[in-house]
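Visitor: My questions will all concern the structure given below.
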Amino acid sequence: MAFYYDSNPTTESNKKVISYRQNGVNFEFTTDTDVFSRSDVDFGSDLMLAAMIEDLKANNVKVSSFLDLGCGYGVVGIVMKSVFKAAAVTCLDKNTRAVGLTKENAKNNGTPLKQVLASDCLSALSEEDVFDVVATNPPVRAGKQTVFAFYEQAYEHMHEGSYIYVVLQRKQGAPSTEKKLMELFGNCTTVDIAAGYRVMRSIK
């Protein structure tokens with residue numbers, strides 16, 4: 001059985017185009033089989049984007065570098081590039097089909113990304129890759145060990161003052177993620193809650 005967090009999907013490709021609106025801008029994304037939330041942009045990512053954009057603007061955060069960790073077909077990174085036009089955006093995903101879609105979607109939406117890489121967690125990055133803002137809707141079905149590795153490795157690619165945003169459902173482990181972020185960063189603030197989803201933010 002194939003999963004969206006597999007490295008090399010084997011299910012026959014069947015692309016489709018979906019529409020999405022965020023921050024007053026319309027986007028179109030090409031999706032495919034064996035990628036996360038192929039039928040529409042998932043509620044969690046939508047909630048995180050809205051909350052993150054509002055929070056960053058409210059705190060006057062300069063976003064010169066942004067990491068979309070576990071990018072799927074590129075929604076979060078592409079939307080953030082459209083909002084913070086000066087940001088150098090990196091997108092990572094283990095799924096090679098998702099990586100290809102992200103490149104295609106970035107081109108089609110006119111949002112040039114710095115790099116889009118197939119990566120197990122953050123392993124494809126170099127030590128020089130450090131980000132002002134990291135965002136992730138982590139692959140819960142891949143297991144807690146993988147999810148926590150996202151946070152631990154992201155911490156190593158953030159400088160003092162960098163922000164990380166995470167969205168999770170309570171039933172998918174939001175409380176344990178909050179505890180883990182508190183251990184790593186010493187702080188964790190809930191910036192939005194809706195329909196059982198929680199958007200959390202920590203600052204290094």
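Visitor: Filter the helices (runs of 4 or more DSSP H) completely within region 87-204 down to those with at least 2 residues that are open to solvent by 40 Å² or more (accessible area, probe 1.4 Å) and closer than 23 Å to PHE27 by Cβ.
Guide: Result: 96-108.
Visitor: Exactly one condition in (1) closer than 14 Å to VAL134 by Cβ; (2) modelled with pLDDT of 95 or more is not met by ALA149; state its number.
Guide: That leaves (2) as the condition not met.
Visitor: Please find, within region 25-34, the residue that is farthest from GLN153 (Cα to Cα) out of those that are β-branched (Val, Ile, Thr) and open to solvent by 10 Å² or more (accessible area, probe 1.4 Å).
Guide: VAL25
Visitor: A further question on this structure: With modelled with pLDDT under 95 and hydroxyl-bearing (Ser, Thr, Tyr) as the only criterion, which of THR96, THR111 stands out?
Guide: Checking each option against the conditions leaves just THR96.
Visitor: Output the residue which, of all residues in region 42-73 that are among the charged types (D, E, K, R) and in a loop (DSSP other than H, G, I, E, B), is surrounded by the fewest Cβ atoms within 10 Å (Cβ to Cβ).
Guide: That would be LYS62.
Visitor: Step by step: first the residues of region 102-131, then only those that are of a type in the set (Gly, Ala, Ser) and in contact with a Ser or Thr (Cβ under 9 Å, 6 or more places away or on another chain), then the one that is nearest to LEU67 (Cα to Cα). Which residue is that?
Guide: ALA118
The values are calculated or read from the model by the stated rules, or taken from the named source; none is laboratory data. Because the structure is predicted, anything quoted here is derived from the model rather than measured. Here the Cβ is made from the backbone with ideal geometry for all residues, glycine too, and neighbour counts use every protein chain on show. Quick note on the areas: whole protein, heavy atoms, side chains included, nothing else; ligands and nucleic acids left out. Shrake-Rupley method; radii C 1.70, N 1.55, O 1.52, S 1.80 Å.
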